[in-house]
Amino acid sequence: MKKSTKHVGVLALTIGLTIGLAACDDAEPAETETVSESEQEAQENVDASNDAYEDTYPVIREHLINEYGITETAELCDHEADIATDFDEYDAFIADLMQEAGIEPEGESREDGAYRGAYDATEDAVYDICNPD
């Protein structure tokens, strides 16, 4: 009788381990999917930002070159340098330039990939025009 009790105990332990491992296996894909979803969303955000940048930079640069004369460009550059440390005023300055050039990115802040790309392109175009060297 001792052998059968021992056998039942080993069998119960084996079944318990099998069920426990199966439960762990079921839990792993959920974590993997969450990470995968998160990574996918991050990549989509980066792609939207890059696409917006590539679309915006030539438009804003052309706008600044064609719409601003020498005096206006100098004033624009002086103003940009004066407000560079005031983040709210600088954000409004960049947003005004985008609107002036007819650029309407998706989103409302740099938290959104498309808006961030357009913002960065506008900022870079201003920098490139104001610092040609």
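The values are calculated or read from the model by the stated rules, or taken from the named source; none is laboratory data. Quantities reported herein were computed from a predicted structural model and do not represent experimental measurements. All Cβ positions, glycine included, derive from the backbone under ideal geometry; neighbour counts span all protein chains shown.
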Residue match in the stretch 82-103 (condition: aliphatic (A, V, I, L, M) and farther than 23 Å from N50 by Cα): yes
Would you please name the residue that is farthest from the chain's Cα centre (by Cα), looking only at residues in the stretch 104-119 that are within 14 Å of V46 (Cα to Cα) and among the acidic types (D, E)? E106
Inside the stretch 104-119, the number of residues satisfying the requirement of being part of a helix (DSSP H, G or I) and among the hydroxyl-bearing types (S, T, Y) is 2
Of everything in the stretch 92-103, what is surrounded by 15 or more Cβ atoms within 10 Å (Cβ to Cβ) and either in contact with a His (Cβ under 8 Å, 6 or more places away or on another chain) or not in a loop (DSSP other than H, G, I, E, B) (or both)? Give them in sequence order. F93, I94, A95, L97, M98, A101
Looking at D86, is it within 19 Å of the chain's Cα centre (by Cα) and charged (D, E, K, R)? no
Taking the options A125, A101, A118, name whichever one is on the phi < 0 side of the Ramachandran plot and either out of contact with any Phe, Trp or Tyr (no Cβ under 9 Å at 6 or more places or on another chain) or free of Cβ contacts under 8 Å to residues at least 12 places away in the same chain (or both). A101
Selection status of E41, in a loop (DSSP other than H, G, I, E, B), over 16 Å from I129 (Cβ atoms) and at pLDDT below 95: no
Tell me yes or no: at least one residue of the stretch 65-72 is of a type in the set (A, V, I, L, M, F, W, C) and closer than 18 Å to N131 by Cβ. yes
